[in-house]
Amino acid sequence: HCGYVQNGSHRDEVIRGLQGSVFGWSRSPQETVNYVTCHDNLTLWDKLQLSTREDDIDDTERRRMHLLSVGILAVAQGGMFLHG
């Protein structure tokens, strides 16, 4: 499945995540953990490769998608989970 960094979909979900889900299920951003690096046992890079392999996208574009993903995560309210 593709998401915001691959094709711009799920924009509203990204916005809710940036806000720490305070308009959804949490009372405070401190109750949330934000992540982009764990997708059904795949790293972010694995997920980007699988979700864009049939598109005409090269690794340079995937690196940009990766940086955008981590950048979004870095500015989101709440805790941050990074793949080590």
(message) So, in the stretch 1-24, exactly how many residues are open to solvent by 70 Å² or more (accessible area, probe 1.4 Å) and either in contact with a Phe, Trp or Tyr (Cβ under 8 Å, 6 or more places away or on another chain) or acidic (Asp, Glu) (or both)?
(response) 5
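Identify, from the list Arg27, Arg62, Arg53, the residue that is without any contact (Cβ under 8 Å) to a residue 24 or more places away in the chain and surrounded by 16 or more Cβ atoms within 10 Å (Cβ to Cβ). I'd like the intermediate steps shown before the answer.
On the way: Arg27 fails: surrounded by 16 or more Cβ atoms within 10 Å (Cβ to Cβ); Arg53 fails: surrounded by 16 or more Cβ atoms within 10 Å (Cβ to Cβ).
Being without any contact (Cβ under 8 Å) to a residue 24 or more places away in the chain and surrounded by 16 or more Cβ atoms within 10 Å (Cβ to Cβ) holds for just one of Arg27, Arg62, Arg53, which is Arg62.
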(message) Return the residues of the stretch 73-84 that are open to solvent by less than 40 Å² (accessible area, probe 1.4 Å) and assigned to a helix (DSSP H, G or I); say none if nothing qualifies.
(response) Leu73
(request) For the stretch 30-50, name all the residues that are loosely packed, with under 13 Cβ neighbours inside 10 Å and in a strand (DSSP E or B). (result) Val33
(request) Taking only the stretch 1-17 into account, find how many residues are among the hydroxyl-bearing types (Ser, Thr, Tyr) and part of a helix (DSSP H, G or I). (result) 1
(message) Which condition from (1) farther than 18 Å from Phe81 by Cα; (2) under 15 Å from the mean Cα position of the chain (by Cα); (3) in a loop (DSSP other than H, G, I, E, B) is the one that Gly20 breaks?
(response) (1)
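The values are calculated or read from the model by the stated rules, or taken from the named source; none is laboratory data. The model shown is predicted, which means the values in this text are computed figures rather than measured ones. Here the Cβ is made from the backbone with ideal geometry for all residues, glycine too, and neighbour counts use every protein chain on show. SASA here: full protein model, heavy atoms, side chains in, ligands and nucleic acids out. Shrake-Rupley method; radii C 1.70, N 1.55, O 1.52, S 1.80 Å.
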